[in-house]
Amino acid sequence: MFNYLSQYFKLFVFQMAVLKPENQSLKKSGKREDYLSWDEYFMATAILAAKRSKDPSTQVGACIVNDKKQIVGVGYNGMPRGCSDDEFPWGKGNADELKNKYYYVCHAEMNAILNKNSAGVENCRMYVALFPCNECAKFIIQSGIREIVYMSDKDHDKNRTIASKRMLDAAGVKYWPFTPQHKTIDIDFSKIDWNHMSQC
Ligand SMILES: Nc1ccn([C@H]2C[C@H](O)[C@@H](COP(=O)(O)O)O2)c(=O)n1
């Protein structure tokens, strides 16, 4: 009995020592608190990539991440290599369909998969600004990507999205929408103190 009480007392003393104000440093390392979550970081990377898109109406970005939280592929919607953005059409709604972008543009998801910097993207997660269309769903499934995190489902009632979800569901690819905790993630080069690299 005495031994039990003695051990309990030692544990109590240790706990009080750790929690004492002067030892708060063990709990408060002083780390910055307002950092991006992993999901925000990867979705923001997709949105940043979308800023490279020349599409005047819809800029889409995608970011592929492996189970070690390493970015293994990034892409945005754009014309194929060698097909000049200044010569191929960015139109939509033209009676002559060859003057619209759709026959030519590569989707962000496809580019992210083809831009992969690893042997494969099996079992990876894709962060994408806009829900994948049916053609992208085929690429995603065949590449082995297992999860999709998306921001916009604006085309949810279009057949290309309905067919996409039908295939993704059948293939067991999970998908869910993402709501970032930060309303804005600013990259304002003029606001960064380059002498101290502080963005706070
Ligand atoms: N999952 C998707 C869907 C569309 N895109 C690209 C392809 C086009 O550049 C644009 C769609 O144009 P809109 O009809 O919205 O004017 O977005 C993509 O990359 N991934």
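Worth a mention:
- Scanning the stretch 103-128 for residues that are assigned to a loop (DSSP other than H, G, I, E, B), closer than 23 Å to Y175 by Cβ and among the hydroxyl-bearing types (S, T, Y) yields one hit, S118.
- Of the residues making up the stretch 92-109, those that are more than 8 Å from the ligand (Cβ to nearest atom) and either closer than 24 Å to S164 by Cα or exposed (fewer than 13 other Cβ atoms within 10 Å of the Cβ) (or both) are G93, N94, A95, D96, E97, L98, N100, Y103, Y104.
- Unmet criterion (only one of (1) farther than 15 Å from Y175 by Cβ; (2) within 10 Å of the ligand (Cβ to nearest atom); (3) surrounded by fewer than 19 Cβ atoms within 10 Å (Cβ to Cβ)) for S53: (3)
- Scanning the stretch 56-69 for residues that are in contact (Cβ under 8 Å) with a residue 12 or more places away in the chain, out of contact with any helix residue (DSSP H, G or I) (no Cβ under 9 Å at 6 or more places or on another chain) and either within 19 Å of Q199 (Cβ to Cβ) or open to solvent by 70 Å² or more (accessible area, probe 1.4 Å) (or both) yields P56, D67.
- Yes/no for D39 being within 10 Å of the ligand (Cβ to nearest atom) and among the charged types (D, E, K, R): no
- Residue match in the stretch 120-132 (condition: farther than 26 Å from Y41 by Cα and either within 11 Å of the ligand (Cβ to nearest atom) or under 20 Å from the mean Cα position of the chain (by Cα) (or both)): no
Every residue, every condition in (1) assigned to a loop (DSSP other than H, G, I, E, B); (2) modelled with pLDDT of 95 or more, yes or no:
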position: N3; (1), (2): no, no
position: E22; (1), (2): no, no
position: S25; (1), (2): no, no
position: S29; (1), (2): yes, no
position: Y35; (1), (2): yes, no
position: A46; (1), (2): no, yes
position: S53; (1), (2): yes, yes
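- Test: residue in the stretch 129-150 that is in contact with a strand residue (DSSP E or B) (Cβ under 9 Å, 6 or more places away or on another chain), open to solvent by 40 Å² or more (accessible area, probe 1.4 Å), touching a residue at least 60 places away in the same chain (Cβ under 8 Å) and not in a loop (DSSP other than H, G, I, E, B): no
- Residue tally, condition more than 30 Å from E33 (Cα to Cα) and in a loop (DSSP other than H, G, I, E, B), over the stretch 153-200: 8
The values are calculated or read from the model by the stated rules, or taken from the named source; none is laboratory data. Predicted, not measured: the structure shown is a model, and the values here were computed from it. All Cβ positions, even for glycine, are placed from backbone atoms using ideal geometry, and neighbour counts span all protein chains on display. Remember, those area values only see protein heavy atoms, side chains included, never the ligands or the DNA or RNA. Shrake-Rupley method; radii C 1.70, N 1.55, O 1.52, S 1.80 Å.
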